[in-house]
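First up is the structure itself, then whatever we jot down about it.
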Amino acid sequence: MRYLVLCGGGSRGAIEVGFAKALWERGVRFDGIVGSSVGALNGAFLAAGGSPEQLADIWRTLRFKDVFRFNWRLLVRGVRARSMFTLGRSLRSLIDRLGVRRFEQLSIPLAVVATDLATGAAVVIDKGSLAPALAASVAIPGLLSPVVLGGRCLVDGSLSADLPVAEAVRRGASEIWAMRCACCASPKYRFDSLTSIIAQVFGLAVDRTRREAEVARPGVVARVWSVEAELDVSSLDFSATAALITAAYEETSRRLDRLGLAGMDVATVAVP
């Protein structure tokens, strides 16, 4: 079974759009998708039958204010408020534009990863209503409010399984495709706001544990690729979306060309 695995990275989720665009053009299709954080949003759109090009059109219009809307309760509740922002209009619109409401209605099976705030454990959601599951998976602590589902307080999936390769393997994947979208910003980035500081601390925590999650059992082919352009873009900076899509598309196309000419050009990581 072939699985697409999509990770977190905020605005760098545009990388996954270029990745998917190149794969779809070459006829690569998937039996299932596992997504964490922004990868859950991208994965849901593709699993609902949307094309990477349609997803790219949405991404090219996104700006910070479209994704994060100031939480005015913060002015009233102060430190008792649960987040600085709520989901912006465009992000809520993206969820609404899926055309389906429940996991069971998707064209491709999808699993979404969130994190239990009380225990730090990964929580995988693959049944029921899509909207709360997606909202939970992208809920960066401090920036977006946790979501309570099934009696659990859930936050961003990147904290527990940023690139959930192991979950795809658990579901029977024999072949995995993924492209990394590092969460932390380049040292050249100016951390001159509370939001950028929170995002960077979150990104450092995620990036330092990511490699531990990129594992596959012996015999599972894992194509886990990277694009260098991601390193110079903050996870909250949506001004480079078009460049990230293009860079990922071109990198993926080069990798696919090599696969066609010289067999597997892959990194397979195994655990005992």
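The values are calculated or read from the model by the stated rules, or taken from the named source; none is laboratory data. Quick caveat: nothing in here was measured; it's all calculated off a predicted structure. Neighbour counts are summed over all protein chains in view; Cβ atoms, including those assigned to glycine, are modelled from backbone coordinates with ideal geometry. Surface areas here come from the heavy atoms of the whole protein model, side chains and all, with no ligands, DNA or RNA. Shrake-Rupley method; radii C 1.70, N 1.55, O 1.52, S 1.80 Å.
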Exercise for the section: Test each condition in (1) open to solvent by less than 30 Å² (accessible area, probe 1.4 Å); (2) over 17 Å from the mean Cα position of the chain (by Cα); (3) closer than 22 Å to K127 by Cβ; (4) at pLDDT 90 or above for E104 and report the one that comes out false. Expected result: (1)
Handout entry: Qualifying residue in the range 242-250 (condition: within 21 Å of Y3 (Cβ to Cβ) and at pLDDT 60 or above)
Key = yes
Practice task
Identify the single condition in (1) open to solvent by 10 Å² or more (accessible area, probe 1.4 Å); (2) over 8 Å from the mean Cα position of the chain (by Cα); (3) touching a residue at least 40 places away in the same chain (Cβ under 8 Å) that A44 does not satisfy, given that it satisfies every other one.
Solution key: (1)
Fill in the blank from the handout: Subset of the range 223-239, residues buried (at least 16 other Cβ atoms within 10 Å of the Cβ) and either among the polar types (S, T, N, Q) or modelled with pLDDT of 90 or more (or both), comes to R223, V224, W225, S226, S234, S235
Practice task
Report yes if I95 is surrounded by 16 or more Cβ atoms within 10 Å (Cβ to Cβ), closer than 17 Å to G50 by Cβ and modelled with pLDDT of 75 or more, otherwise no.
Solution key: no
Handout entry: Number of the condition not met by G120 [criteria: (1) crowded, with 21+ Cβ neighbours inside 10 Å; (2) on the phi > 0 side of the Ramachandran plot]
Key = (1)
Exercise for the section: All but one of (1) under 17 Å from the mean Cα position of the chain (by Cα); (2) modelled with pLDDT of 75 or more hold for A182, so report the exception by its number. Expected result: (2)
Exercise for the section: Scan the range 147-164 for residues that are on the phi < 0 side of the Ramachandran plot and open to solvent by 20 Å² or more (accessible area, probe 1.4 Å) and jot them down. Expected result: V147, V148, L149, R152, C153, L159, S160
Practice task
Kindly establish whether V112 is in a strand (DSSP E or B) and open to solvent by 30 Å² or more (accessible area, probe 1.4 Å).
Solution key: no
